[in-house]
Amino acid sequence: MSATNQRKHDHLRTFARDPQVERGQNYFDAIRLTHRALPESALADVDTAVEFLGRRLAFPLLLSSMTGGSEKIFRTINRHLALAAEAEGVALGVGSQRVLFSEPAAVHSFALRTLAPSVPLLANLGAVQLNCGFGLNECRAALDVLKADALILHLNPLQEAIQREGDTNFRGLAAKIGGIARKLGKPVIVKEVGAGLSPADARLLVKNGVKILDVAGAGGTSWSRVEHHRRVATDAGDDLGLVFQDWGLPTPQAVAALAPLRKRITLIASGGIRSGLDMAKAVVLGASLCGVAAPFLRPAQESAEAVRAVIRRFRREFTTALFLLGCRTVAAARGNQNLLA
Ligand SMILES: Cc1cc2nc3c(=O)[nH]c(=O)nc-3n(C[C@H](O)[C@H](O)[C@H](O)COP(=O)(O)O)c2cc1C
């Protein structure tokens with residue numbers, strides 16, 4: 001098994017054994033919205049549909065990038081996620097596709113378009129790989145196997161810094177990402193993986209032609225804590241990953257800080273979003289789409305129906321929140337400061 005595939009296996013085991021990799025900070029609880037006792041509409045009037053990358057979504061949810069690989073477990077997880085995304089009308093991002101280049105059999109875990117013909121599918125590679133020999137060809141290959149609508153390049157300096165074998169050369173990456181964004185022919189989305197994008201990051205990315213950003217802030221999954229488990233396996237006294245387990249910009253704060261750029265970028269919120277109510281808060285703060293990862297990991301190992309049940313819960317909560325805000329559409333809530341209590 002390649003090192004990349006082995007790492008994905010280690011991660012799955014860690015998620016099963018240590019519930020605290022999900023930090024449960026509930027940063028969205030600090031955001032209060034204005035209740036309307038007279039919404040002047042019926043619950044049934046609320047229309048949660050949105051468009052993303054030219055495709056229609058039933059509501060603004062993205063099953064955020066998680067996995068892929070050559071073993072059966074990765075094929076099963078992605079198959080269940082794809083079937084559920086299609087049935088419920090939400091977007092799906094796959095986990096890092098770097099494994100494709102060391103284990104070609106991983107292609108089967110990413111060949112999802114036939115299972116999800118109508119929803120946005122997002123490919124995924126680590127941006128730092130652009131400093132380790134990857135370029136336009138690898139980005140195109142990742143898009144092609146998935147027949148994806150866009151490519152996500154993820155930024156994970158904290159995770160790489162905690163990995164002993166991590167790729168920590170982030171020199172000149174913004175310009176390289178810009179080069180890919182110019183030549184790819186499909187949109188490039190840049191995201192973090194749980195520590196957030198700052199306004200300085202966003203400005204640099206916008207300057208380099210990136211138009212869709214996912215803050216992927218702190219509060220939910222902690223990659224520092226996940227990697228801690230692999231680090232202590234070789235040195236029990238090394239707690240670098242624990243010291244940094246809550247490092248990063250809380251998601252609501254990161255979304256609010258990037259909201260002024262909304263005319264120039266599409267903003268995705270993710271990191272610790274745990275309900276449709278959190279989604280509504282992220283939308284009011286300025287997000288067009290909300291990404292959720294960890295809550296789908298266990299259901300995805302079970303069945304597509306288990307994933308669908310969680311999606312339906314999020315949708316019920318999101319619809320209820322819009323009704324109580326007096327908003328009939330997502331557009332009426334998006335970036336609407338008047339709805340903050
Ligand atoms: C099991 C798991 C695997 C992940 N793998 C990736 C990945 O390969 N690429 C990526 O960009 N993000 C990855 N993420 C990060 C998520 O897409 C998301 O940005 C982050 O976890 C915050 O969402 P959450 O708090 O809802 O889990 C992963 C998250 C989880 C839970």
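Derivation of every value follows stated rules applied to the coordinates shown; laboratory data play no part. In this text, all values refer to a predicted model and were calculated from it rather than measured experimentally. Please note: Cβ atoms are built from the backbone with ideal geometry, for glycine as well, and neighbour counts cover all protein chains shown.
For the chain, the residue among Leu33, Ala236, Leu289 whose Cα projects farthest onto the positive side of the dipole built from Cβ charges is Leu289.
Each principal axis of the Cα atoms in the stretch 249-324 has its own extent, and those three values, largest first, are 40, 27, 20 angstrom. Sorted fewest first by neighbouring Cβ atoms within 10 angstrom, Ile273, Ile77 come out as Ile77, Ile273. A Förster radius of 22 Å combined with the Cβ-Cβ distance from Asp239 to Ala16 puts the calculated FRET efficiency at roughly 0.55. Spin-label model, Lys263/Arg298: points 7 Å from Cα along the beta carbon direction are separated by 4.6 nm. Extending 7 Å from the Cα toward the beta-carbon at both Ala49 and Lys72 defines two label points whose distance is 4.0 nm.
Divide the volume of the convex hull around the Cα atoms of the chain by the residue count and you get 121 Å³ per residue.
Compute the distance in nm between two label points, each set 7 Å from the Cα along the Cα-to-Cβ direction, one at Ala111 and one at Leu340. So the label points at Ala111 and Leu340 sit 4.8 nm apart. Shown here for the stretch 131-185: trypsin sites (Lys or Arg not before Pro) in loop regions (DSSP other than H, G, I, E, B) with at most 10 other Cβ atoms within 10 Å, namely Arg171.
If the chain linking Arg164 and Glu305 were pulled fully straight, counting 0.36 nm for each residue of separation and taking away their Cα-Cα distance, it would gain 46.9 nm. Under the criterion of Cα pairs below 8 Å and six or more residues apart, the relative contact order for the stretch 1-118 equals 27 percent.
Applying the criteria of a DSSP loop state and at most 12 other Cβ atoms within 10 Å to the trypsin sites (Lys or Arg not before Pro) of the stretch 16-77 yields Arg32. For Lys8, the lysines whose Cα comes closer than 20 Å to its Cα, not counting residues fewer than 8 places off in the same chain, are Lys72, Lys191. Of all DSSP bridge pairs formed entirely within the chain, close to 15 percent run antiparallel.
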